[in-house]
Amino acid sequence: MTPTPAAPEAFTRAVAGLRAAAPRDEILIEETAAPQRLAPFAFALSATVLRAGDEVASGRLILLHEPAGHEAWQGDLRLVTLITAELEADMAGDPLLPAVAWTWLTDGLDQHAAAYTAIGGTITQTTSTRFGELAGPEPTADLEIRASWTPTSPELGAHLEGWCAMLASTAGLPPPGVSALSDRHRASTP
């Protein structure tokens, strides 16, 4: 059996930065198993976003490290994400939603000064209506964001904060420190 090579410093620094960042209270993050075949070194986090106690979005952030570098990544580290959220039915058909959802990622990274290159991804909107034996609940609509980018430094705390900002936007959370009108109404109701 071949021993596992020691993780390079760039990878261990990147993992430490992801572990050190603190998301807002509505975002629950935990370490999860990372895919093993995408790169020699990998680390993964999963997130659940809660609004009024209900899960409204979930995501996964995977850190990949290829010590020799990867031409398509334009570097040796790569962050990959998948985020899913249920949408309000009226938003599901909005033709502007994919472009807006993409800015949730780029704005989140930019607002937290998370420098990156080689960013790319897809935004998918789906609606589902159940029939026959599966009939029941109202039609549902979902948003899926798949993206990846190359951080330009192994200091990844800002990248996690930017990713959490994207999760919050996808879930429809108000900005930190702002209460949603429905939350204030509930708090004042006896």
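The values are calculated or read from the model by the stated rules, or taken from the named source; none is laboratory data. For clarity, every value in this text was computed on a predicted model and none was experimentally measured. Reconstructed Cβ throughout: ideal geometry from the backbone, glycine too, with neighbour counts over all protein chains shown.
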Revision key, fill the gap. Scanning the stretch 60-84 residue by residue, the ones that are over 8 Å from the mean Cα position of the chain (by Cα) and free of Cβ contacts under 8 Å to residues at least 60 places away in the same chain total 10
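Residue-by-condition table, conditions (1) free of Cβ contacts under 8 Å to residues at least 24 places away in the same chain; (2) in a strand (DSSP E or B):
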| site | (1), (2) |
| --- | --- |
| 6 | yes, no |
| 11 | no, no |
| 14 | no, no |
| 17 | no, no |
| 35 | no, no |
| 39 | no, no |
| 58 | no, yes |
| 98 | no, no |
| 108 | no, no |
Exercise for review: Return a yes/no flag: does the stretch 87-96 have any residue that is crowded, with 16+ Cβ neighbours inside 10 Å and out of contact with any Leu (no Cβ under 6 Å at 6 or more places or on another chain).
Suggested key: yes
Check your understanding: If you scan the stretch 83-96, which residues turn out to be within 10 Å of residue 143 (Cβ to Cβ) and either among the small types (Gly, Ala, Ser) or in a helix (DSSP H, G or I) (or both)?
Key -> 85, 91, 92
Practice item. Looking only at the stretch 38-53, decide whether some residue is surrounded by fewer than 16 Cβ atoms within 10 Å (Cβ to Cβ), of a type in the set (Lys, Arg) and either farther than 17 Å from residue 167 by Cα or more than 14 Å from the chain's Cα centre (by Cα) (or both). Key: no
**Study point:** Selection within the stretch 112-141 - in a strand (DSSP E or B), surrounded by fewer than 15 Cβ atoms within 10 Å (Cβ to Cβ) and at pLDDT below 90
**Key:** 126, 127, 128, 140
